[in-house]
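Enquirer: Handing you this structure, nothing more for now.
We did not get these values from a lab; they are worked out from the coordinates using the rules stated. Keep in mind it's a predicted model, so treat the numbers as computed, not measured. Reconstructed Cβ throughout: ideal geometry from the backbone, glycine too, with neighbour counts over all protein chains shown.
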Amino acid sequence: MQQLDGFLATLRRPRLLVRAARHGISDYNRKRDLTRLTGQNPTKSTRAIIEGLIVQEGQLEETRRAGDAAYRPSKHIELLVALIAECRLLPRSIRA
């Protein structure tokens, strides 16, 4: 879990992406969104889900930085929404 804490503390993304993601959290539906985004069953452990989201988000970030035409900001925002929402489900002692 130490690796997760370090990742979240050092995560740096464009302000517009983060603001859009924070705005979208109110509409987050765990069952619907996780199944669509990751293909994972939402009954898996929150840690496993977060680790999968981190990998996907990292790949999108690399695509964004490379200026690849395949980059979709909407997908990036959806992944950030899921990542933030799932991190909020972790116990407070782990998030701190």
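Enquirer: What is the spin-label model distance, in nm, from Arg72 to Thr10 if the labels are put 7 Å beyond Cα along the C-beta direction?
Expert: 3.0 nm
Enquirer: Please compute the modelled spin-label separation between Arg65 and His23, points set 7 Å along Cα→Cβ, answer in nm with one decimal.
Expert: Going from the His23 label point to the Arg65 one covers 2.6 nm.
Enquirer: Sorted by packing (mean other beta-carbon atoms within 10 Å per residue), highest first, where do 46-58, 74-86 land?
Expert: Put in order of decreasing packing, that is 74-86, 46-58.
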